[in-house]
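Below you'll find the structure, written out as structure tokens, and then a few comments.
Please treat every number below as a calculation from the coordinates, not as lab data. Just so it is clear, the structure is predicted and the values come from calculations on it, not from any experiment. Note that each Cβ is placed from the backbone with ideal geometry, even for glycine, and that neighbours are counted across all protein chains shown.
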Amino acid sequence: MISRDKAPTAQETFMQMAQAAGLRGRLLVTIGMLILARLGVFLPVPGINREQFAQSVQNNSAVIGFLDIFSGGGLSTLGVFALGILPYINASIIIQLLTAAIPALENLQKNEGEAGRRQISQVTRYVALGWAILQSTFIAAIWIRPFALNPGPVFVIETAIALTAGSMFVMWASELITERGVGNGASLLIFVNIVASLPKSLGDTITLAQTGGRETIGRVIVLLLVFLVMIVGIVFVQEGTRRIPIISARRQVGRKLYLERSSYLPLRLNQGGVMPIIFASAVLILPASLARFTQNEYVINISNAISPGGSTPWLYALVYFVMIVFFSYFYSTLIVNPVDLAQNLKKMGSSIPGIRPGKATSEYVERVLNRLTFLGAVFLGAVAIIPTAVESATRVPTFQGLGATSLLILVGVAIDTAKQIQTYVISQRYEGMVK
């Protein structure tokens, strides 16, 4: 007998994954789409001098390395799926920012229910298509064209169409995983792309330990222990919430009297997740991109000053930390609006004990949210800086691709996917009880 209130064990979860037709079908759809998305990375774009292109990639490893996190190495190998899920992520961020600024989009999200969310999803797809066309045209005309065997307008158009089509296929695969598979499709695609780089990093680390002697082995062990501690810390912070107690007023519906009920309002410690680090990293690689294309001496000096391997690593760490804190506060205001939250509680007849409804409630929630955001931002800054600092101290460069962004994405997606699988297992219990 399995209690319906008890969390499923690992044995029960694996049994349901193998026996339950619904969950098994979702898992097969997810695995099949992920395999197709990975195969497209290795389909090469034709008509390019690969040796010269590989040399150019090595000279711009900072920019390419960050973008390769989301494309699974597609940009460095220049496959048909080189853009990957990047345009869809950019479009989602743009729509999320515009929703807070444009009243029509805000009304669709808050008041139109499922129909409104579908319209926003459709707008996001169109924005992703336009963004993919812009990115693929820029890459084909400026970045790839110098290495083309037959450079010309035809090459640019054909390459842009191929990259755009590959990006749209990846977007379709991510939405198919979300609807008919397990987990969030876009997050799982990024997860798989990061995991695909782990075997090479582990192999290089083992080779370095074998050829470097006892001192190198000790440095590698220290680096691995730091990564394990950071993963444990990420799990605790990602799951950490502040529970604000809420009391619902007594109400009467017909002849039935509903007594006061107590519940809680969960506010996450890390509201923005990995997004503040992504925004901060994107801002920091912007000077390197501008320096490469403009060759301006002033821009090059700025790029060297705030780059990870630049002349002033302490300045890079300071700017990176400040940007993460700024974007953490910025993103938390987009996710949680204290004024709307206080109005919704007032409409439902609920209140926080000791706090008057209305303006006092919104001010209280805002104070709590600011404190939580500060703690979460400091944690994100530590997660972003500590791995880089330890890599520099131990002089073990084999895990340079596995930075703070990668760790947060790996842990966060793994937790969310595991929770969704457990939800399906619990639903199977109820179906068995009904039968």
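Just a few scattered comments:
- Residues whose amide H lies under 5 Å from that of Val274, counting only those 5 or more places away or on a different chain, are absent; hydrogens are built 1.01 Å from N in the peptide plane.
- Among Met15, Met323, the order by Cβ neighbours within 10 angstrom, fewest to most, reads Met15, Met323.
- Too-long pairs where the Cα-Cα distance tops 25 Å, listed order kept, from Lys359/Lys419; Lys110/Lys346; Lys110/Lys359: Lys359/Lys419
- Each of Phe138, Phe326 was scored by other Cβ atoms within 10 Å of its Cβ. Listed from fewest to most, they are Phe138, Phe326.
- The fewest-to-most ranking of Ser303, Ser262 by surrounding Cβ atoms within 10 Å reads Ser262, Ser303.
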